[in-house]
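Notes to accompany the following structure.
The values are calculated or read from the model by the stated rules, or taken from the named source; none is laboratory data. Computed from a predicted model, the values in this text were never measured in an experiment. Positions of Cβ are backbone-derived with ideal geometry, glycine not excepted, and every protein chain shown enters the neighbour counts. With ligands, DNA and RNA removed, areas are computed over all heavy atoms of the protein, side chains included. Shrake-Rupley method; radii C 1.70, N 1.55, O 1.52, S 1.80 Å.
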Amino acid sequence: MGSQKYAGWRRPESTGLIPGLSTGMSMAAVGAMALAIGSAYLFHSMTGAITILAVAALLIGPSMIRLRGTSAGDYFLSWLRSLPIRRRMAHRYRTGLFAHIPGGHARLPGLASPIILDRLFDPATGDDIGALVNPIHRTVTIIMDTSAIGRATQPETTTNAQVAGWGEFIRRAGEFGDVAGIAVVTDTVPETGARYNVEIDKRRHQAAPALVLDLMDDRTSDLATDRIRYTQRIAVTFRYSSGHFRSGIESVARRLEELTDAAAGAGLSATFATAGEIIAFTHAAFNPAAGPMLDEAMAATGDPGITWEDAGPSYHSDEHSYYLHDSGKSFTSRAWEFPVQPIEDDVLAQLLAPTYRAPYKRVTLIYRPYRPQDAVETTDSDYRDAFAAVQRRRRGLVDAKQQMRYDDIAATREDLAEGHGLTRVGTLVTVTVPIGASGLDETAFIRAAGIAASIKIAPCYSDQAAMFLTGLGIGVYPDMDETDMTDILSA
């Protein structure tokens, strides 16, 4: 029996009246043509007609040019919308001891709005867990540390049930319309061995025989030799409507048990990250050299020894094709084309797996669930557009691509009627290398792994710092004000 295939990837698009243009741009093109004709025949002004057509071509033409899945017009509009932010330099500032910000903290870079680390009470366990609050955008983000259960040896039917369970997790998280986004982060870093050292030191006894102590010491060094640590976490960002963010934290606390149960249905064992754990992985991303120190502190006391104000970099520089920070140089790429054919559940295995070709690697899947009402309205609009496209004929024949699109959207409408959800999804891949390294081999490996996963990956040029921060999974998303590109991950 072959493995199950999964489908359903579709990039929202509008065919419009003119091929290559959306409905709005098609109407603008028709309007410009009407104005040009009116200028030529009613006002007898060929100069005016030519001017109108030239301006229309200049404004509308870039929408027909697609660069790595995004039209040139969208790039221009994103740049235009972010111009006021960049002019006042609200998207970046220098941090560290000599920063312009009083206090000399290593705060997170490039934020036009603050992120506060607070705590909320987990009613199920009675513990305090970390909560990242953005009071400007009114969001609260909680982070779940996860591990898969029995993936390697389980039967195919169980895998199918877990895949369906993950879809149910997304649906249940977004069914009330209060989830701004879900980031699934897979991190791989070289093992430091600090956690093993702390654990074995706790178990040592000086009265033990010398041979036993020597064996324990040898085992400690072996555990950290040529190993790559593999961790996964899920960051769920909730919106809160009004009032102080404390009320938003309280409303999120009431949904923690629901999230844990939904994760279990997807075959994931989940625990909520503490404030110390959030600080540790955030600072380790900016300063990989501090990894051993953070590991040792967390294993010994559960406290990283630094505060949230010092979790960012003490130095950073946002370059065109890479991002420099404390002890690393990072290259962040985005997926701009997803598979159109049915895929298997392990399609991302090579991209996610630990590898010595790119030991510091972070893969982030970002889900943006539609509100139920928005999902229906969006799908109905796409359905009407696809139906109109199918009715058009080319030499008496139906466009096969438009027919396939129509059939796909019709199936999506049926799924929504049965209670399924609709979500946008995007992928960010970040590799970190030493500051003096070129990163060419690591980025080439990522592109090759993307091809194996049936996705196309392109660098996030001129937006490296913002996308690095987005890929951390701390409640920052590409359409927030602190990023230079808008909706670049929508798919």
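One decimal place: the segment R254-T51 gains 67.0 nm when fully extended, by the rule 0.36 nm per residue minus the C-alpha distance. Derived scalar couplings between HN and Hα for the stretch 320-327 equal 5, 10, 7, 10, 8, 8, 3, 10 Hz in order, rounded to whole Hz, by the Karplus curve 6.51 cos²θ - 1.76 cosθ + 1.60 (θ = phi - 60°), x for Gly and Pro.
Bridging of K202 to aspartates and glutamates at a Cα separation below 13 Å is possible for D217, E296, once same-chain residues fewer than 8 apart are set aside. Using a probe of 1.4 Å, the accessible surface attributed to V133 totals some 0 Å² when neighbouring protein chains are kept in position. Between R229 and V189, E191, the built amide H atoms are under 5 Å apart, and every one of these is 5 or more places off in sequence or on another chain. Remark: accessible surface ordering of E296, E175 (largest first) is E296, E175, probe radius 1.4 Å. With K and R counted +1 and D and E -1, the other residues having a Cβ less than 12 Å from that of T412 yield a net charge of -4.
Cβ under 10 Å from R172's Cβ, R172 left aside: what net charge do those residues give with Lys, Arg +1 and Asp, Glu -1? Here the count lands on -2. Taking amide H as placed 1.01 Å from N in the peptide plane, A131 has its amide H under 5 Å from the amide H of D118, R119, L120, each at least 5 places away in sequence or on another chain.
The residues packed around A270, meaning those with a beta-carbon under 10 Å from its beta-carbon, carry a net charge of -1 if Lys and Arg are +1 and Asp and Glu are -1.
Projecting label points 7 angstrom from Cα along Cα→Cβ for A72 and D408 puts them 2.6 nm apart. Tally up the carbon and sulfur contribution to the accessible surface of the stretch 315-401 as a whole percent, 1.4 Å probe, everything protein left in place. Carbon and sulfur atoms account for 53 percent of the accessible area of the stretch 315-401.
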